[in-house]
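Colleague: First the structure, then my questions, so here it is.
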Amino acid sequence: MKREDVTPEERELLHAIGALAREDERLAAPPRVEERLMRAFDETHASGVQQPRWLVRHVLKVAAVFVLAVASGYWWSRGAEPPSAQTQDQTESPAVVASWPSSETWAWLDPDPESLQIVRVRIPSAALAAQGYAFEDADGDGLVELEVIVGADGMTRGVRLAQAASVIY
Amino acid sequence: MPVEDAPEPSDPELIERARGGEREAFGFLYRRHQAHVYRFARAMTGSAALAEDIVQDAFLALIRDLERYDAGRAPLRTYLFGIARNLARYKAKGMWRLIPLDHAEEAAGRDDPAATLSSLEEAQHLRRCLSGLPARYREVIILCDLHELDYAETAVVLKVPIGTVRSRLHRGRQLLIERLRRRESLNIVKGCVI
């Protein structure tokens, strides 16, 4: 069908191409290609294509257990209360928290940690001294600069000396 | 007493067994089709090294896509030719960038040991002229005339309508004849000068 209506020149060309095809018949890819491919086939079928579903399920289960264990261990080691208990205690919490909280525990300080603000205030060192907090007035202006964490409800969550970034009690 | 040979398993049967991880089935498929893919790639690129790469990449693609291959859409050889054709065009792009066009035909001939060793000078000329054709004509001549695929199979490999295969084949043959004529005239002129 495809060789219908060919001109004599085309027929000659097709004859020549046929000779090329016969000449090429002995050609083949070298044996090393087959070796590489068989290795690739073995690797593909040994490493996942055949057992992906159950393997993935097991890996996910182990990962979930691992994450839960690490999270529980973390809370346990911090000796902290669950967030709901912390929220409940907020109304009774003192104005000055015992320490400047670490970034990890900020989430526990407020139901909406994004609303927490750090406010810098300057307090007369004499007033602090009267409350039992003695600070050295480095610049001699009679004021001490403090950083205060304030929640959306206006309650203080933490306090520290701004200059030295040290924890105060 | 002669032992009757069992009929060779079909491609779909071997594909199914290879999907199940049977390496012999894949090996059988490879040995059945690799030479065709290699010859096609070699004719397309004019390079034994590139043809070897193309065969490897085409069968690696088959290993990856064993699950997705649908024998109902195309026979395996046609499917492999399709991959090899894309790879050949992709790899040839890089190659032609590095070879000045004036020497492209000559370079293709030199890189092809089969052409170099051929006792027929006409065959060498034909091979060089074929290598110098634009890819869209070269591939259709290689598939239809060298590998004797029919129009429908060629259309599947090239992802074009059958009418396009016909027109490209006609135009490609004309171009090839013109180039062969030009070369013959050149040889005659060269002979007179010498």
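Coordinate-derived values only; no laboratory data. Remember, it's a predicted structure, so these values are computed and weren't measured experimentally. A quick note on method: Cβ atoms are made from the backbone with ideal geometry, for glycine too, and the neighbour counts reach across all protein chains shown.
Colleague: Stretch A:E43-A:R11 to full length: gain in nm at 0.36 nm per residue minus the Cα-Cα span?
Modeller: Additional length available on full extension: 6.6 nm.
Colleague: On average, how many beta carbons from a partner chain sit within 10 Å of the beta carbon of a residue in B:140-147?
Modeller: 3
Colleague: Sticking with this one: For a quick check of your reading of the filter: which GluC sites (Glu not before Pro) in region B:1-55 sit in a DSSP loop and have no more than 15 other Cβ atoms within 10 Å?
Modeller: Within region B:1-55, the qualifying GluC sites (Glu not before Pro) (loop, at most 15 other Cβ atoms within 10 Å) are B:E4, B:E22.
Colleague: Ok, one more. Within 10 Å of each Cβ in peptide A:28-40, how many partner chain Cβ atoms are there on average? Round it to a whole number, please.
Modeller: Per-residue shielding by partner chains comes out at 6.
Colleague: Could you calculate the FRET efficiency of A:A19 with B:E67 from 1/(1 + (r/R0)^6), where r is the beta carbon distance between them and R0 is 45 Å, rounded to 0.05?
Modeller: With a Förster radius of 45 Å, E is 0.60.
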